[in-house]
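Participant: Once you've had a glance at the structure underneath, I'll fire off some questions.
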Amino acid sequence: MSLLLEAERYAANQSSHIALNAFISPLPRQSGQWHKQAKDADLRAKQGNPKSKLDGRLIAFKDNICTRDFPTTCASRTLETFTSPFDATVVQQVEDAGAIVAGKTNLDEFGMGSHSVNSHFGHVRNRRHLSAGGSSGGSAVAVATEQCYASLGTDTGGSIRLPAAYTGTVGFKPSYGLLSRWGVVAYANSLDTVGILAKRTSVARDVFDVLNKHDPRDPTSLSPLSRSRVLSKLSAPHLSSRLKSLPLRIGVPLEYNISELSPSVRQAWYRSLERLSQQGHTVEPVSLPMTNHALSAYYILAPAEASSNLAKYDGVRYGTQFTNKLYAKTRGAGFGPEVKRRIMLGAFSLSAQAMDNYFVQAQRIRRLVQRDFDAAFRAAHPLAAEPPYSQTGVDVLICPTAPSPPPSINLTINGAGPLDAYINDVFTVPASLAGLPAVSVPVYGDDAAGNQGSAGVAGIQVIGQYGDDELVLKVSELLEGCGL
Ligand code: GLN
């Protein structure tokens with residue numbers, strides 16, 4: 001199929017799936033611009049001279065990533081009419097590679113949520129009235145329903161991986177600092193990571209390869225020196241063999257086997273371990289004892305950073321200028337309830353009386369979570385001190401992405417309170433706190449009667465040591481189609 005035909009098919013799907021509300025700004029109806037881009041890419045392909053593997057492909061962006069040609073709303077009333085004067089670095093990189101911006105996708109306001117229901121533009125809909133996951137739910141549904149070739153989202157505590165798990169797509173959160181965040185609206189700077197959603201791991205890798213570059217405009221972007229350090233350590237002879245020759249050491253974190261785990265998720269987890277051991281890899285139990293505290297630490301740290309980041313949307317300089325100019329009235333008027341809750345939580349935990357009991361403790365737990373991971377992996381953290389590797393330890397960890405299949409969307413809107421939404425992140429936040437690469441890949445479990453693949457799809461998470469992004473993607477590929 002020509003790239004132009006493919007682009008037209010995605011555009012047609014955007015129109016026919018409009019009720020899913022995956023896009024806040026879809027492709028423009030006047031097809032002039034993107035038609036021309038796709039035709040040019042077709043020509044380059046014919047001449048055997050494509051710009052990259054993404055040339056002529058349609059890529060959608062979560063609406064907290066700045067674009068010049070589309071508004072950037074963060075799904076917030078505060079930014080309802082905002083259009084950025086510049087493109088984020090990741091947008092530029094994708095366009096330089098020949099890809100076409102397929103529109104801006106719906107999300108939880110400022111990335112805060114787990115079901116994509118906290119949006120000023122209405123909630124995202126997944127198949128069969130189920131939650132799409134959040135906060136990059138629009139990006140995930142757009143990929144799952146073929147409204148674009150791939151999409152970009154952000155992952156602060158699981159926002160790429162949870163929507164991937166709920167929509168049966170592949171969701172990849174690279175190591176913290178590898179992809180540029182310049183032009184990405186901050187939620188919690190020490191955790192925010194740009195990530196990729198696609199139908200297949202190979203596509204996610206193609207996008208990753210285009211984006212994985214140092215950006216001098218992003219102060220958190222890993223420097224060229226550190227990049228080479230990470231690569232040289234992880235590609236030390238005894239470790240680089242992992243990418244070619246087998247077997248791998250696969251770790252199963254026992255603390256993730258909680259009693260609340262849905263049987264279908266447990267089945268899928270079991271299936272994925274079975275497949276890997278059939279392929280000759282060794283599967284061994286590991287312990288990550290601090291995992292139990294990771295969720296509470298995350299829900300202190302992320303709101304604390306958010307409360308400081310969002311202070312600028314007070315309606316005075318940025319954001320909606322309401323007619324009543326009284327600061328006390330205007331500063332909260334543009335935010336939805338979840339964002340207000342986060343700002344209040346964050347302001348509280350940073351206040352002088354609460355700081356030691358909350359923020360400082362949470363930072364300590366974060367450090368211990370990182371230490372757990374370092375003790376589990378064979379490769380040491382490449383930015384930390386020697387020794388570079390240990391004889392014991394595993395190459396990757398395999399665990400569920402979420403404790404259950406997607407809940408009904410109505411339950412997430414009306415029934416369950418905020419705590420229920422927070423609990424969905426229990427398996428994704430540890431890797432976020434430690435800045436590790438993690439991917440969610442769809443795996444099919446058997447039902448109670450043992451019918452293969454009938455229990456439906458669950459997201460299985462592959463977590464690797466810092467900088468081991470290639471390995472994580474490789475294991476994701478080994479698991480693709482597992483259980484079917
Ligand atoms: N659900 C988590 C939160 O609300 C994660 C969000 C994210 O990764 N952006 O904070």
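The values are calculated or read from the model by the stated rules, or taken from the named source; none is laboratory data. Keep in mind that this is a model prediction, so the values were computed, not measured. Because the Cβ atoms are built from the backbone with ideal geometry, glycine has one as well, and the counts that use them run over all protein chains shown. Just the protein is used for accessible areas: all its heavy atoms, side chains included, with ligands, DNA and RNA removed. Shrake-Rupley method; radii C 1.70, N 1.55, O 1.52, S 1.80 Å.
Participant: Using a Förster radius of 51 Å, what is the FRET efficiency between GLU480 and THR81 based on their Cβ-Cβ separation? Nearest 0.05, please.
Facilitator: For GLU480 and THR81, the calculated efficiency is 0.75.
Participant: Residue by residue through segment 368-378, what is 3J(HN,Hα) from phi via Karplus (6.51 cos²θ - 1.76 cosθ + 1.60, θ = phi - 60°)? Round to whole Hz and write x for glycine and proline.
Facilitator: Once rounded to whole Hz, the list reads 5, 5, 4, 5, 3, 5, 4, 6, 7, 7, 5.
Participant: So how do 300-306, 280-286, 50-56 stack up, highest first, on mean other-Cβ count within 10 Å?
Facilitator: Top to bottom by mean Cβ count within 10 Å: 300-306, 50-56, 280-286.
Participant: Which three semi-axes in whole Å describe the equivalent ellipsoid of the chain, each the square root of 5 times a Cα gyration tensor eigenvalue, listed largest first?
Facilitator: Semi-axes from the Cα gyration tensor: 31, 28, 23 Å.
Participant: In the chain, carbon and sulfur make up what percent of the accessible area (probe 1.4 Å)?
Facilitator: 56
Participant: So, one more: Using the beta-carbon distance between ALA352 and ASN189 and R0 = 25 Å, what value does 1/(1 + (r/R0)^6) give for FRET efficiency, to the nearest 0.05?
Facilitator: Computed FRET efficiency for ALA352 and ASN189 comes out at 0.65.
Participant: Same structure, new question: Go through segment 393-408 residue by residue and turn each phi into a ³J(HN,Hα) via Karplus (6.51, -1.76, 1.60, θ = phi - 60°); whole Hz please, and just put x for glycine and proline.
Facilitator: Result, ordered by residue: x, 10, 8, 9, 10, 10, 7, x, 7, 9, x, 9, x, x, x, 5 Hz.
Participant: Next up: Note down the relative contact order for segment 77-160 as a percent, whole number, built from C-alpha pairs under 8 angstrom at least six residues apart.
Facilitator: Relative contact order, segment 77-160: 22 percent.
Participant: Still on this structure, I have one more. Between rounded, prolate and oblate, where does segment 111-194 land on the alpha carbon gyration tensor, with a ≥ b ≥ c its root eigenvalues, rounded for a/c under 1.5, else prolate if a/b exceeds b/c?
Facilitator: prolate
Participant: Just to confirm my numbers, what's the Cα centroid distance between segment 75-93 and segment 340-363 in Å?
Facilitator: Here the two parts' Cα centres lie 29 Å apart.
Participant: While we're on this one: Pull out the extension gain between SER232 and ARG127, defined as 0.36 nm times the separation in residues minus the alpha carbon to alpha carbon distance; nm, one decimal.
Facilitator: Result for the pair: 33.4 nm of gain on full extension.
Participant: Between SER259 and LEU368, what is the label-point separation in nm under the 7 Å Cα-to-beta-carbon projection?
Facilitator: A separation of 2.3 nm, rounded to one decimal place.
Participant: Please turn the phi angles of segment 141-150 into ³J(HN,Hα) values with the Karplus equation 6.51 cos²θ - 1.76 cosθ + 1.60 (θ = phi - 60°), one per residue in order, whole Hz, x for glycine and proline.
Facilitator: 5, 4, 6, 4, 9, 6, 9, 6, 7, 7
Participant: Express the accessible area of the chain per residue in Å², computed with a 1.4 Å probe while the remaining protein chains stay in the model.
Facilitator: 40
Participant: At 222 nm, what value in deg cm²/dmol follows for the chain if DSSP H runs of at least 4 each add -39500 (n - 2.57) and the sum is divided by all its residues, to the nearest 500?
Facilitator: One gets -11000 deg cm²/dmol as the mean residue ellipticity at 222 nm.
Participant: Take the alpha carbon gyration tensor of segment 194-313, find the square roots of its eigenvalues, order them as a ≥ b ≥ c, and report rounded if a/c is under 1.5; if not, report prolate when a/b exceeds b/c, else oblate.
Facilitator: Oblate, since a/c reaches 1.5 and b/c is not below a/b.
Participant: Next question, about the same structure. Holding the Cα-Cα limit at 19 Å, pick out from LYS173/LYS233; LYS312/LYS340; LYS173/LYS474; LYS62/LYS173 the pairs that are longer than that.
Facilitator: LYS173/LYS233
Participant: How big is the Rg/Rh ratio for segment 163-243, C-alpha atoms only, Rh by Kirkwood, two decimals?
Facilitator: Result for segment 163-243 is an Rg/Rh of 1.01.
Participant: If you keep only loop residues by DSSP, which GluC sites (Glu not before Pro) in segment 79-112 have at most 11 other Cβ atoms within 10 Å of their Cβ?
Facilitator: none
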